[in-house]
1. Say whether the condition of being open to solvent by 10 Å² or more (accessible area, probe 1.4 Å) and over 24 Å from the mean Cα position of the chain (by Cα) is met by at least one residue in the range 410-428.
2. If you go through the range 334-370 one residue at a time, how many are open to solvent by 10 Å² or more (accessible area, probe 1.4 Å) and of a type in the set (A, V, I, L, M, F, W, C)?
3. I'd like to verify a number: residues in the range 157-186 that are open to solvent by 60 Å² or more (accessible area, probe 1.4 Å), touching a residue at least 12 places away in the same chain (Cβ under 8 Å) and not aliphatic (A, V, I, L, M), how many?
4. Would you check if Pro230 is touching a Phe, Trp or Tyr at 6+ places or on another chain (Cβ under 6 Å) and either crowded, with 20+ Cβ neighbours inside 10 Å or under 23 Å from Pro28 (Cα atoms) (or both)?
5. Which residue pairs have Cβ atoms closer than 6 Å, lie 6 or more positions apart in sequence or on different chains, and pair a first residue in the range 17-39 that is under 27 Å from Ala421 (Cβ atoms) with a second residue that is modelled with pLDDT of 95 or more and hydroxyl-bearing (Ser, Thr, Tyr)?
6. Do you know which residues across the range 293-317 are within 8 Å of ligand 4 (Cβ to nearest atom), in a loop (DSSP other than H, G, I, E, B) and open to solvent by less than 90 Å² (accessible area, probe 1.4 Å)?
7. Given (1) farther than 23 Å from Gln233 by Cβ; (2) at pLDDT 85 or above, identify the lone condition not met by Asn478.
8. Being more than 16 Å from ligand 3 (Cβ to nearest atom), of a type in the set (Gly, Ala, Ser) and free of Cβ contacts under 8 Å to residues at least 24 places away in the same chain is true for just one of Ser222, Ser190, Ser150, Ser120. Which residue is that?
Amino acid sequence: MRVSSVAGRGLFAKNPIKAGSVIISLRPHSFALASQYLDSHCSACAAAPNSGLLRCTGCRTVWYCNATCQKNDWLLHRLECSALVNWAKSAPSKSLSVPSDAVRCLGRILWQKERKGFDSSWSKEIDALQSHLHSLQPRVVENNTHLAHSLVRYLGLSSPGELSKFGISSAGDLTDLISRFVTNTFALTSPSLTPVGVSVSPLVALFNHSCDPDAVIVFPRSSQNSAEEPRMQVIALKNISPHEEILTSYIDTTLPRSLRQAALQDTYDFICQCKLCHDDKKVDPRESVWCPTSCGGMCPAPSDGKIFQCAKCHTVVPAPESIADALRIGQEALEKASSIQVTNHVKALQLTTNIIPILVSAGLTPSCHPLLALTGLHKTLLLSSFSEDMSQELLDETIRTAAKHCVGLSTLLLDGHPVRAVALAELGKLLAVDEPSPATSLAANVAFPPSGPPRLKAAYETLVRARNEVMIGFGRDNDGGELGRNIRETLVSLEKELGVWTQGIHNALQDLPKPMKMNNKGC
Ligand SMILES: [Zn+2]
Ligand SMILES: [Zn+2]
Ligand SMILES: [Zn+2]
Ligand SMILES: [Zn+2]
């Protein structure tokens, strides 16, 4: 740890670190599952077994893999259990019968501090969390006040004064704890990056931010012993030299600069000084359109209707108004569709289906915001339609969307970035799904996705690429974690399937009466 000139404390490499190496692996100081995942994930180890979770008979709110996980969590859950019961009793409605993950996580932090003692290193590390907030925005103040009230109620205290047993002596101390909590939490994610809750680690909170990070934070689930899970790991995405600062990203780095800066300012109250935010020369693929001369180059996507220049052939063209319009309506559609994706799936899918072709015809590149985000959302919406009635058409459309999403992500993210690796694995698995009604004509195989054996071959190749990337993003030492293991299993079964197919051709050829000359190009 060193103090850097720009960002205060930071973590630096002592020795050379290779891409795919695990830099830090630890169990977070505290974590809590988001309410909607309480009945599908273990509250002790955060695993998500397909079945067999046991419910706590006291609060009937949290679930565990087995008696061992329940026992591991009991010292803290003992206190949490009755708090949950009391909270539910006074809840105004069923939907509010469980406090938010932030409140439950804060509760666990305070009980743990009380249990371990205020002088323990655990408590001191929590107390050393730094607040990034200098000037609180009204929205943040309101949110923190709300959190403080909920926490006092959850802990079963009748006044803030009773907080002294947790080492909190004033309302100011409580607000301070909450603002430090809010700016230092990390999403607890599944092995395929679905956010399932919140977590706190004072050590990992020391990493400074860059929009072009050299490390990522993941939960690969690689340990044999569930008592060690959930393990938070910081993994190198690039080779890092000694004395270089190790930087992670606090936000979604596929967003264009203006949105990244707004997000950082909003939650962390700083202006990013990273290279990506200060590189004015290059065309940022996050804000780009294809060159109108079809040279294959990218031009900056102008939102102000001015002229722009192609980065490849240097043609200068006045920006058609359609681009600014597309960017604006695309952003509106993205916000709308994201907000209703759970409550009104049909309408959200209609929105993404209608808007994507408009953005594509305006010339936006697959990596351009909001086209990339809309493509990702469209894929998620199509995937969740699978349970109803899966047709060949739906499956093929999902595969095409997943492929476009991969193209956009690979333009922006480093080889091995976990987001990119997960998208590639998803595409590979989609290609491996049994086709409901495979095409029979040869012509169909010229199109994407192909049908029959060529499709299986594409699935295989995509999964091999995904596995190579997962080995970086989820750690080589972890063998890519749970996702890496899962891809390997799919690859083994695809190898068998492809083997049967190759053997079939081999046998057919041997049955021919005369030896036949194979055209190398043709096969
Ligand atoms: Zn468990
Ligand atoms: Zn309980
Ligand atoms: Zn930046
Ligand atoms: Zn050009």
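The values are calculated or read from the model by the stated rules, or taken from the named source; none is laboratory data. Nothing here was measured: the structure is a model prediction, and the numbers come from that model. Please note: Cβ atoms are built from the backbone with ideal geometry, for glycine as well, and neighbour counts cover all protein chains shown. When the accessible area is computed, the model is the full protein with side chains, heavy atoms only, and any ligands, DNA or RNA have been set aside. Shrake-Rupley method; radii C 1.70, N 1.55, O 1.52, S 1.80 Å.
1. Looking for residues that are open to solvent by 10 Å² or more (accessible area, probe 1.4 Å) and over 24 Å from the mean Cα position of the chain (by Cα), one finds none in the range 410-428, hence no.
2. Within the range 334-370, residues that are open to solvent by 10 Å² or more (accessible area, probe 1.4 Å) and of a type in the set (A, V, I, L, M, F, W, C) number 11.
3. Within the range 157-186, residues that are open to solvent by 60 Å² or more (accessible area, probe 1.4 Å), touching a residue at least 12 places away in the same chain (Cβ under 8 Å) and not aliphatic (A, V, I, L, M) number 4.
4. Yes, satisfied.
5. These pairs meet every condition: Pro28/Ser199; Pro28/Ser201; Phe31/Ser199.
6. Thr293, Cys295, Gly296, Gly297, Cys310, Ala311, Cys313, Thr315
7. If we test Asn478 against (1) farther than 23 Å from Gln233 by Cβ; (2) at pLDDT 85 or above, just (1) comes out false.
8. Exactly one of Ser222, Ser190, Ser150, Ser120 is more than 16 Å from ligand 3 (Cβ to nearest atom), of a type in the set (Gly, Ala, Ser) and free of Cβ contacts under 8 Å to residues at least 24 places away in the same chain, namely Ser120.
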